[in-house]
Amino acid sequence: MSDMGTQGSDRHSVAEGRPIVAFDFDGTLTIRDSFTAFLRWRAGRRGWAMGLVKLAPAVATYARDRDRGRIKAASVREFLGGVDRATLATEAEAFAQDVWNRFMRPDALACWNDWGARGAHRVIVTASPEETVGPFARRLGAEALLGTSLTFDEAGRVTGAFTGENCRGEEKVRRLKAAYGDDVRVLAAYGDTSGDTEMLAMAETPGFRVFRGRP
């Protein structure tokens, strides 16, 4: 999984000759949104409650503009602002270990493993940050991960901004094309929300909300 979390055309050579299968992460491979769960897990009950109070203005703005990227950035600033990269990586690993058995859909995992046995190049395409989904992707044995990327300052601390766009909707298609070329062939894709519509439309076999299993 040497290409995970990287950008550029080197991904295309990794997938050469192998069918590409794209999976959304939150709600597709998992039973719920992983990033919200991670923030809540990290903050604890009291910290989560206090953070939500501080986010009230951002939530009110979201109710008007429905800008998911903006509300996500506000959440990052509130709950992760100033956290250093190494600490975030350690906590993300601990979170994945802690929730795995009660978080992953068994039927989705069976499909994931079946595609792996058939030699597919399996890529997770998610709106959640690569930094927090990475531990799950490594445990799954994903060939690649395309997600929203957090921005870090010169000291390696979370700023609350993103490097690039929130990875949902058309951005998922753009990221796949940037990774594998404009003529990328996606044999199958799986998702569960409107944020996956464009990715599913480019797949030869689209799967919308086909996984319903719970741990």
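Summary of values
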| read-out | value |
| --- | --- |
| Which of 175, 85 is most accessible, then next, and so on - probe 1.4 Å | 85, 175 |
| Contact order relative to length of the range 73-215, as percent, for alpha carbon pairs under 8 angstrom and 6 or more apart | 26 |
| Neighbourhood net charge (12 Å Cβ-Cβ; Lys/Arg +1, Asp/Glu -1) for residue 69 | +1 |
| Listed peptides 63-75, 158-170 by packing density, highest first (mean Cβ within 10 Å) | 158-170, 63-75 |
| Mean Cβ neighbour count within 10 Å, used as a protection proxy, ranking 17-30, 120-133, 178-191, 202-215 highest first | 120-133, 17-30, 178-191, 202-215 |
| Formal net charge of residues neighbouring residue 192 (Cβ-Cβ distance under 9 Å; K, R +1; D, E -1) | -2 |
| Heavy-atom surface of the chain, accessible at 1.4 Å and reported per residue (Å²) | 48 |
| Solvent-accessible surface ranking, highest first, for 52, 150 at 1.4 angstrom | 52, 150 |
| Carbon and sulfur %, accessible surface of the chain computed with the full protein complex present, 1.4 Å | 49 |
| All lysines inside 17 Å of residue 54 as judged from Cα atoms, apart from same-chain residues fewer than 8 positions distant | 72 |
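The values are calculated or read from the model by the stated rules, or taken from the named source; none is laboratory data. Model, not experiment: these values are computed from the prediction. Counting neighbours? That spans all protein chains shown, and the Cβs are built from the backbone with ideal geometry, glycine included. The area values use the complete protein model at the heavy-atom level, side chains included, leaving out ligands, DNA and RNA. Shrake-Rupley method; radii C 1.70, N 1.55, O 1.52, S 1.80 Å.
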